[in-house]
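K.L.:
I have a structure here, written as structure tokens, and I will follow up with some questions on it.
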Amino acid sequence: MEEKILITGANGQLGSVLANALIERYGSNSIIATDLKHKIKFKCYFEVLDATDYDGIQTLVRKYSITQIYHMAAILSATGEKRPHLTWDVNMETLFNVLEVSRLNNIKKVFFPSSIAVYGVDVPKTNAPQNFATTPNTVYGISKVAGELWANYYFNRYGLDVRSIRYPGVIGYQSLPGGGTTDYAVEIYHKAINQEPYECFLNKTTTLPMIYMEDAIRATIELMEAPLKNLSVRTSYNVAGLSFNPEELASSIKEILPEFQISYKPDFRQDIANSWPESIDDSKARKDWNWKPKYNLKKISADMIKNLQLHYNYKTQKS
Ligand code: AKB
């Protein structure tokens, strides 16, 4: 049976790259990208959709005979702290809508992105275990913990095959992040390419789990295509890429762009970062569906700089 895949939050940092990867894999006719506004020209169907609108989701699911949903729409950690109640409402209501529409319309699989933000200060800083008390300090983290538990509930109670990854900070040249605590690791490259200094909002020794976009997208599709019988985690899988701090990231950029300058001015996001682990244990993902990252920091910097140089050269030539 042909897959018909609906993506919410397709304008987002991950959603936009995922949409293109799914188009490549399943074909343009199989993908329905959705978001609040039509901003990006995807080579697939696009529909304006506010995922807080239950009827809106259901109409599209029926119109396109959807078989899978990737629910990428969410408010991230830093923005979430500015509007805690709104963040809870948006993150939970959109998830409930997706879960309910999926259950009632026989959707085969749902993807729900969770985050390292589910952890709180009590977790061991290094190699944070897959199963450990999740006591997050942010409303974003609270919504992700609740989401994981609902995913597990829908699987056990209704047999809805909800699959999930706890993403580290995602780094990619294709899109810009918005409202996260790990956003510095993308912003820094844009400044470096444009020969501007970067003022980092985290201090230089703040080590966090990170992952390159290619790895993050591959992990997502590999998990969604893994045989059901292999999956032992029905909340959300830890998926690790690598860990580094801003100083290490800046050094890897300086190896290619020696003039690059960085300074540090921590803001409220420092407290959020301090509440997260430095690295996470992803042995369950490795065992259950053969997860393995491919990108280390050297490779990431080389690839980011090469692709952003092409992007900005292209822009300059056009203007
Ligand atoms: C954020 O910083 O909020 C996100 C995340 C780690 O989930 N990138």
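K.L.:
Give, in nm to one decimal, the length gained when the segment between T126 and T79 is fully stretched (0.36 nm per residue of separation minus the Cα-Cα distance). If you can, show how the numbers build up before the last one.
P.N.:
Values: separation 47, 0.36 × 47 = 16.92 nm, distance 2.61 nm.
So the chain would gain 14.3 nm between T126 and T79.
K.L.:
Still on this structure: With only Lys, Arg, Asp and Glu charged, each at its Cβ (+1 for the first two, -1 for the last two), find how big the charge dipole of region 50-104 is about the Cα centre; round to the nearest 20 debye. Write down the numbers at each step before the final one.
P.N.:
Numbers: 5 positive and 7 negative charges, 33 e Å.
For this selection, approximately 160 debye.
K.L.:
Over the chain, what is the percentage of antiparallel beta bridges among all DSSP beta bridges, to the nearest 5? Can you show the working numbers first?
P.N.:
Numbers: 3 of 33 bridges.
Counting only bridges with both partners in the chain, antiparallel ones make up about 10 percent.
K.L.:
Quick check: residue separation of R157 and E222 times 0.36 nm, minus the Cα distance between them. What number comes out in nm?
P.N.:
Numbers: separation 65, 0.36 × 65 = 23.40 nm, distance 2.48 nm.
Length gained, R157 through E222: 20.9 nm.
K.L.:
Right, something else. So, with a 1.4 angstrom probe, what is the percent of accessible area on region 49-164 that is carbon and sulfur? Intermediate values should be presented prior to the final figure.
P.N.:
Numbers: 2540 of 4890 Å².
In region 49-164, the share of accessible area belonging to carbon and sulfur is 52 percent.
K.L.:
Dipole of region 146-230, Cα-centred, from +1 at each Lys and Arg C-beta and -1 at each Asp and Glu C-beta, to the nearest 20 debye?
P.N.:
On the way: 7 positive and 10 negative charges, 62 e Å.
With Lys and Arg at +1 and Asp and Glu at -1, about 300 debye.
K.L.:
Quick check: pseudo-label points 7 Å beyond the Cα along Cα→Cβ at E255 and H190, how many nm apart are they?
P.N.:
Taking the simple label geometry, E255 and H190 are separated by 2.5 nm.
K.L.:
N203 versus K299, label points 7 Å from Cα toward the beta carbon: distance in nm?
P.N.:
Placing both labels 7 Å beyond Cα along the Cβ direction yields 3.3 nm.
K.L.:
Taking R0 as 22 Å, what FRET efficiency do you get between A146 and R62 from their Cβ-Cβ distance, rounded to the nearest 0.05?
P.N.:
Values: r = 28 Å, r/R0 = 1.26.
FRET efficiency, A146 to R62: 0.20.
K.L.:
Determine the dipole magnitude for the chain: charges of +1 sit on the beta-carbon of Lys and Arg, -1 on that of Asp and Glu, nothing else is charged, the reference point is the Cα centre, and the result goes in debye to the nearest 20. Kindly include the intermediate steps, with their values, before the conclusion.
P.N.:
Values: 36 positive and 34 negative charges, 142 e Å.
So the dipole magnitude of the chain works out to roughly 680 debye.
K.L.:
Working only with C-alpha atoms, what are the Rg and Dmax values of the chain, expressed in angstrom?
P.N.:
Reported Rg and Dmax, both Å: 19.1, 57.
K.L.:
Over region 56-184, with the other protein chains present, what is the accessible area per residue in square angstrom, probe 1.4 angstrom?
P.N.:
Working: 4970 Å² over 129 residues.
Averaged over the residues of region 56-184, the accessible area is 39 Å².
K.L.:
Among the lysines, which have Cα under 25 Å from the Cα of K4 when same-chain residues fewer than 8 positions away are ignored?
P.N.:
K37, K39, K41, K43, K63, K108, K109, K229
K.L.:
Now for a separate question. Keeping every protein chain present and rolling a 1.4 Å probe, give me the accessible area per residue for region 1-55 in Å².
P.N.:
51 Å²
K.L.:
Roughly how many Å is it from the Cα centre of region 135-173 to that of region 240-303, as a whole number?
P.N.:
Region 135-173 and region 240-303 have Cα centres separated by 22 Å.
K.L.:
Name the shape class, rounded, prolate or oblate, that the alpha-carbon gyration tensor gives for region 81-181, where a ≥ b ≥ c are the square roots of its eigenvalues, rounded holds for a/c under 1.5, and otherwise prolate holds if a/b is larger than b/c and oblate otherwise. Don't skip to the answer; put the middle values down first.
P.N.:
Values: a/c = 1.61, a/b = 1.38, b/c = 1.17.
In terms of gyration-tensor shape, prolate.
K.L.:
Determine the gain in length on full extension of the stretch K39-H311; use 0.36 nm per residue of separation and subtract their C-alpha separation, reporting nm with one decimal. Let's see the in-between values first.
P.N.:
Values: separation 272, 0.36 × 272 = 97.92 nm, distance 1.82 nm.
Separation in residues times 0.36 nm, less the Cα-Cα distance, equals 96.1 nm.
K.L.:
Beyond 19 Å between alpha-carbons counts as too far, so tell me which of K144/K265; K82/K144; K265/K298 fall in that bin.
P.N.:
Numbers: K144/K265 28 Å; K82/K144 17 Å; K265/K298 25 Å.
Pairs exceeding 19 Å: K144/K265; K265/K298.
K.L.:
Taking K299 as the anchor, which aspartates and glutamates have their alpha carbon closer than 18 Å to its alpha carbon, excluding any fewer than eight residues away along the same chain?
P.N.:
K299 reaches E187, E214, D215, E247, E248, E255.
K.L.:
For region 232-287, which whole percent of the accessible surface, found with a 1.4 angstrom probe, sits on carbon and sulfur atoms? Please report the intermediate quantities before stating the final value.
P.N.:
Details: 1190 of 2600 Å².
Carbon with sulfur: 46 percent of the solvent-accessible area.
K.L.:
Between E24 and K229, what FRET efficiency comes out of the Förster formula 1/(1 + (r/R0)^6) with R0 = 25 Å and r the beta carbon distance, rounded to 0.05? Present the calculation step by step, with values, prior to reporting the outcome.
P.N.:
Numbers: r = 27 Å, r/R0 = 1.09.
Efficiency for this residue pair is about 0.40.
The values are calculated or read from the model by the stated rules, or taken from the named source; none is laboratory data. Bear in mind the structure is a predicted one, so any value in this text is a computation, not a measurement. Virtual Cβ from ideal backbone geometry, glycine too; neighbours counted across all protein chains shown. Protein only, heavy atoms only, side chains kept; ligands, DNA and RNA dropped before computing areas. Shrake-Rupley method; radii C 1.70, N 1.55, O 1.52, S 1.80 Å.
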